[in-house]
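As structure tokens, the structure follows; a few thoughts come after it.
The values are calculated or read from the model by the stated rules, or taken from the named source; none is laboratory data. On a predicted model such as this, the values are computed, not experimentally measured, just so you know. Heads up, the Cβs are rebuilt from the backbone with ideal geometry, glycines too, and the neighbour counts pull from every protein chain shown.
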Amino acid sequence: MNISIIGSGYVGLVSGACFAELGNNVICADNDVKKISELKKGVIPIYEPGLEELICNNLKKKRLKFTSSIKDAVKASEVIFIAVGTPSLENGEADLTGIENVARTIAQNMNGYRLIVEKSTVPVETCSWVKKTIAAYIKKKYKFDVVSNPEFLREGSAINDFTHPDRIVVGVESAKARQIMTSLYQPLNRPILVTNIKSAELIKHASNAFLATKISFINALSQICDRVGANVKEVAQGMGLDNRIGRHFLHAGIGYGGSCFPKDLDAFITIAEKIGYDFDILKAVRNTNEEQKKFVFRKIKDALWIIKDKSIAVLGLAFKANTDDLRNSPSIDLINALVQEGAKIKAYDPKAMEKAKRFMKDIVFCKDPYQAVRGADCLIVATEWNEFKELDFIKIKKALKHPLVVDARNIYDPGQLKKLGFTYIGVGSGNE
Ligand code: NAD
């Protein structure tokens, strides 16, 4: 099929490269001219395992093209995915300007039937607005369908998630749209759930809100565990073995972050409010998440007493492992809070430092974890990179001024570190 993907970020690039790999002709479009000119040269603006090879391979085979002309992309493709950003406005609402913009451009440039696929995460009823917008701006009476096809990939494992999803959700209202969407995804051989459009839109917000709820629940439990001397990892294991609960998303830590959960929760709460429902549960989830970040900060403060002028090594800047994405990263929030109290931060992250350097001017970036801990009063692990699970702690102990480890992601065995002579502070490990 001839496909265009409008918006070439994490979702657009991964979807575009994967659809090309499946044998489709794909045009990835974006209004960021610089990004597109780099992409044409094979320079990938994000770190995502396997993406560079996939893009370069499909560029060579001429199944994948890049353009900054949304017009040209619309003219050339029957199926058009919208994968632009939908950030939060100040009041928590999703900013749908990009979606509306693209819908208008599609309307003004389509030259035959078009299937418009809403892939960005959007509030329920956005597809109706896209449909109304296209109908209002269309030049000739070309036929078109709008479908909702929310994306569930996770940064860090995006290609595998895209090609092996637990389910593909497609919200449609015509047989033709259903047929095109199912044949597009059929080569993946994964379950396809076809629903009405509003249900599909809701499935995405509901799924993210539910996952965030699981995280906040276990984080709240971590605070209980600390107070009574229980171990949240054991509690999570005991809960997770119950099939009705499942073990995923029960890892206590520093709180969730990233470009999706915080914004999607805000948007879901706001849309619920608009239609007359007070989504109290989600407000509590959001508050618990903010509280968890403060909880970790207080632990550090309790351990160091005075933060001013302390040298603190922070390992991990990205909002989670295997990505360079710093959007709403709890690590950045923590660093900002520490800097505000006068700490001197030395940081290391395997992939996110180039992006961090652009806006973090008050900290020192190090070439590896060992350089970061040299002479530091404390080591904080803020992102769960595998590299940090394999550190040589004998070397770390020698380099630190004080053998204090704050494990904000609960990746270490407290017993082992204590045996080596460290003061270990985890999240919900009862601080035994
Ligand atoms: P991103 O910021 O990485 O990419 C968005 C791209 O859209 C940018 O390159 C931007 O230049 C482009 N863009 C914005 N407005 C445009 C316009 N009017 N015309 C053309 N291009 C435009 O965002 P992302 O992380 O890829 O997310 C995109 C959407 O997918 C969001 O709604 C997000 O919630 C959702 N989503 C993201 C993930 C994820 O893990 N990142 C997962 C599932 C769903």
Inset, instruction - Looking at (1) more than 23 Å from the chain's Cα centre (by Cα); (2) surrounded by fewer than 18 Cβ atoms within 10 Å (Cβ to Cβ); (3) assigned by TED's automatic domain parsing to the domain that holds Arg327; (4) not acidic (Asp, Glu), find the lone condition where Gln186 falls short. - result: (3)
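Just to be sure, is Asp32 surrounded by fewer than 20 Cβ atoms within 10 Å (Cβ to Cβ), within 11 Å of the ligand (Cβ to nearest atom) and assigned by TED's automatic domain parsing to the domain that holds Ser183?
yes
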Inset, instruction - Evaluate region 23-45: report whether one residue or more is part of a helix (DSSP H, G or I), modelled with pLDDT of 95 or more, among the acidic types (Asp, Glu) and farther than 21 Å from Thr105 by Cβ. - result: yes
Legend entry - Listing of helices (runs of 4 or more DSSP H) fully contained in region 322-432 that carry 1 or more residues being closer than 30 Å to Ile224 by Cβ and in contact with a Gly (Cβ under 9 Å, 6 or more places away or on another chain): 330-340, 386-389, 414-419
Inset, instruction - Could you tell me which of the residues Val406, Val373, Val381 is at pLDDT 95 or above, within 29 Å of the chain's Cα centre (by Cα), hydrophobic (A, V, I, L, M, F, W, C) and more than 19 Å from Lys308 (Cα to Cα)? - result: Val381
Inset, instruction - Quick one: count up the residues across region 247-288 that are in contact with a helix residue (DSSP H, G or I) (Cβ under 6 Å, 6 or more places away or on another chain) and at positive phi. - result: 2
Inset, instruction - Assess whether Asp333 counts as being closer than 30 Å to Gln371 by Cβ, among the acidic types (Asp, Glu), free of Cβ contacts under 8 Å to residues at least 60 places away in the same chain and assigned by TED's automatic domain parsing to the domain that holds Phe249. - result: no
Legend entry - Filter result for Lys418 (within 26 Å of Tyr256 (Cα to Cα) and either charged (D, E, K, R) or not assigned by TED's automatic domain parsing to the domain that holds Gly229 (or both)): no
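Which one is farthest from Glu118 (Cα to Cα), of the residues in region 188-203 that are of a type in the set (A, V, I, L, M) and in a helix (DSSP H, G or I)? Steps first, answer last, please.
First, the residues of region 188-203 that are of a type in the set (A, V, I, L, M): 188, 192-194, 197, 200, 202-203.
With in a helix (DSSP H, G or I) added as a condition, the list becomes 188, 197, 200, 202-203.
Values: Leu188: 19, Ile197: 10, Ala200: 10, Leu202: 13, Ile203: 13 Å.
Here the residue is Leu188.
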Inset, instruction - Name the residue, out of Phe295, Phe268, that is within 15 Å of the ligand (Cβ to nearest atom), among the aromatic types (Phe, Trp, Tyr) and in a helix (DSSP H, G or I). - result: Phe268
Inset, instruction - Inspect all residues belonging to region 167-187 and state whether any of them is of a type outside the set (A, V, I, L, M), assigned to a strand (DSSP E or B) and under 30 Å from Lys283 (Cβ atoms). - result: yes
Inset, instruction - Name, by its number, the condition in (1) assigned to a helix (DSSP H, G or I); (2) of a type in the set (Gly, Ala, Ser); (3) crowded, with 20+ Cβ neighbours inside 10 Å that does not hold for Gly238. - result: (3)
Inset, instruction - Answer yes if at least one residue in region 6-22 is within 8 Å of the ligand (Cβ to nearest atom), in contact with a Cys (Cβ under 7 Å, 6 or more places away or on another chain) and either among the β-branched types (Val, Ile, Thr) or part of a loop (DSSP other than H, G, I, E, B) (or both), and no otherwise. - result: yes
Inset, instruction - Please enumerate the residues belonging to region 241-265 that are crowded, with 20+ Cβ neighbours inside 10 Å and among the charged types (D, E, K, R). - result: Lys263, Asp264
Inset, instruction - Considering each of Lys75, Lys40, Lys61, Lys71 in turn, give the residue that is within 27 Å of Lys143 (Cβ to Cβ) and away from the ligand (no atom under 13 Å from the Cβ). - result: Lys75
